[in-house]
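Encoded as structure tokens, the structure appears first; notes follow it.
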Amino acid sequence: MAVIRISAPETAEKNEVIEIKAMIQHPMETGYRRDERGDVIPRDIITNFRCGYNGEIVFEAEFLPGIAANPFLTFYLRATHSGSLNMSWTDQDGQSWSATHALTVA
Amino acid sequence: MSPLYHSRRQLLQGLAGAALLSQMALPALAQTRARLVVVGGGFGGASAAGAMKHLMPAASVTLVEASPHYYACPFSNLVIAGLRELDAQRFDYDGLTARGVEVVHDRAVDVDSIAHTVRLASGDQLAYDKLVLSPGIDFLWDAIEGYGREAVERMPHAWKAGGQTGLLRQKLEAMDDGGQVVMAIPPAPFRCPPGPYERASLIAHYLKAHKPRSRLLLLDAQDSFSKQPLFEQAWAEHYPDHLERYGAADFARVVSVDPDHMVLTTEFDDFRADVANVIPPQKAGEIAQRAGVADATGWCPIDPLSFASTLQTDIHVIGDATIAAPMPKSAFSANLQAKLCAVQIARVLGGLGPEPTILTNTCYSFISNDAAVSITGVYSNDAGRLQSVEGAGGLSPLNADPAIRTAEALQAETWFKTLTQAAFG
């Protein structure tokens, strides 16, 4: 169970541009490092982030091994209607984590 | 003679260092008429002054401390949580005066390490042969943007006990049920490594008992911390609905505050507080910088055998101001370092060199009104630095029976009485 932190307004004016912050605690192990015995530490990274707004994907990001641990994204979207923001992270093996944030548009 | 110190050897209990004195003729050491000055009347300075006067009764020992009273930091988190009164934290210097220490209530503003003088705010000068600085900590003002000296009324630090301790308590008591308390915890090193987490436990205890719809949020610049598994177990057991911690992995280091609007900002987000407790990043007390015994880190490098400054001759530094890791910045450590420093000064004045010894630290942290956990460390100083002795010391057990936690809370009371007696009795 990964720790996810979301920061976004709970209410917005119609057509207001709002800021969304999304962070997940994850080691983002590059696959390039070696342990004290010289063995390669296997790659373990999140490869994809998506934000859905009432089911429609409004923001998507691809993560590569150069992304630091605990990836933290800030992005903006236009608040057009009340609904839910669903944020999901998927790792290289297809495992995923998600969180939902309710947004009320006046 | 104080009944606490029946013999010079008894003074050294906890030091495992009675041998340091047995090698030298006690009369020789008693004869020195050296001028010994101590700056700072906390656990370190008060202990050093008392120990030096005891070991070297013919020497003149002067303690410089601005305040007529000292408010002890250990147990002050209980005051914040309404479980203890501030008066129980207050100590004075009458005991030291009675033992022959000259106590000067003035502020040391400068040290001339060449001329061997300490200048006081009144303009007076004190000449010394050996100077012991026990200046404690000062804050790095504005290291958190917006947190300057004027912010402490609205967002108390309560990291120097006294008025600030009472202020934080009043703010908690005045808060409506349903409010949010936010605590900012700085990056290490800082005074009392487990202190913020004991405080968090006790504030959560207060909220649970008196303001059950309220909660405490920790914004912590650290990823890991002292006694972490013990605290986290206690929080999960006692305060699951009242305490939440964001750590370094949550980008939770507080970078700025807005005291007018009661907002704390981390790299991740803004957090609104009804009551805010901001513990700022720290450095050695200001007089250490003036005396030239602090290095670029803001703290004071010392010789681990004698706590002599490595930067200035004839000046020793003890307590929170020193770079003594793995020994923590604690009242117990300061008291023991003071005694060790006093012995080594006596040895040097008696024509002997400093000798290695073993040091310890013990500290208790309350996790609720009647339960505590503890940590004990044992340290050697014979390898050019302080080192933890492998396999010695230890922590309270995890998953312990509540009776063990209660017993440790009672031991903590005794610990406090013993330590404050040793320093101020």
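No lab work stands behind these numbers, since they all come straight from the coordinates. Because the structure is a prediction, the values reported are computed rather than measured. Ideal geometry is used to build each Cβ from the backbone, glycine not excepted, and the neighbour counts take in all protein chains shown.
Please label the shape of segment B:255-399 as rounded, prolate or oblate, based on the square roots a ≥ b ≥ c of the eigenvalues of the alpha-carbon gyration tensor (a/c under 1.5 means rounded; beyond that, a/b larger than b/c means prolate, else oblate). The shape class here is oblate. For segment B:185-334, the Kirkwood estimate of hydrodynamic radius, built from reciprocal distances between every pair of different alpha carbons, is 17.2 Å.
Rounded to the nearest 10 degrees, the angle from helix B:402-424 to the longest Cα principal axis of chain B is 40 degrees.
Averaging Cα coordinates gives a centre for segment B:65-127 and one for segment A:49-106; these two points are 56 Å apart.
Counting only Cβ charges, +1 for Lys and Arg and -1 for Asp and Glu, the dipole size of the protein assembly as shown around its Cα centre is about 1660 debye.
Helix B:331-349 and the long axis of chain B differ in direction by around 10°, with both axes built from C-alpha atoms. A Cβ-based charge dipole, computed about the Cα centre of chain B with Lys and Arg at +1 and Asp and Glu at -1, lands at about 1300 debye. In chain B, helices alone account for a calculated mean residue ellipticity at 222 nm of -8500 deg cm²/dmol, with every DSSP H run of four or more residues adding -39,500 (n - 2.57). DSSP assigns beta bridges within chain B; of those with both partners inside it, close to 55 percent run antiparallel.
Once you sort the root eigenvalues of the Cα gyration tensor of segment B:83-148 as a ≥ b ≥ c, which label holds: rounded (a/c under 1.5), prolate (a/b larger than b/c) or oblate (the other case)? In terms of gyration-tensor shape, oblate. Ranked for footprinting exposure by Cβ neighbours inside 10 Å, fewest first, B:297, A:80 give B:297, A:80. Which percentage, to the nearest 5, of the DSSP beta bridges contained in the protein assembly as shown is antiparallel? Percent antiparallel among DSSP bridges in the protein assembly as shown is about 70. Highest mean packing comes first when the peptides B:167-178, A:63-74 are listed by Cβ atoms within 10 Å, giving B:167-178, A:63-74. Normalised Debye scattering of segment B:322-377 at q = 0.14, 0.31 Å⁻¹ gives log10 I(q)/I(0) of -0.50, -1.20, counting only Cα atoms as equal scatterers and leaving out solvent. If both residues of a DSSP beta bridge must be in segment B:144-281, then about 30% of such bridges are antiparallel. In this structure, the pairs whose alpha-carbon distance is over 25 Å, taken from B:130/B:339; B:211/B:329; A:21/B:171; B:160/B:227; B:53/B:417, are B:211/B:329; A:21/B:171. Per-residue shielding of B:396-404, expressed as the average number of other chain Cβ atoms within 10 Å of the residue Cβ, stands at 0.
Scalar couplings 3J(HN,Hα) for segment B:291-300, obtained by applying the Karplus form with A = 6.51, B = -1.76, C = 1.60 to θ = phi - 60°, are 7, x, 9, 9, 9, 4, 6, x, 10, 10 Hz; x denotes Gly and Pro. Exposure proxy for B:101, B:348, B:118: other Cβ atoms within 10 Å of each Cβ, ordered fewest to most, give B:348, B:101, B:118. Projecting the Cα atoms of B:31, B:251, A:105 onto the dipole axis of the protein assembly as shown, where Lys and Arg carry +1 and Asp and Glu carry -1 at the beta carbon, places B:31 farthest toward the positive end. For chain B, the residue among B:41, B:181, B:343 whose Cα projects farthest onto the positive side of the dipole built from Cβ charges is B:343.
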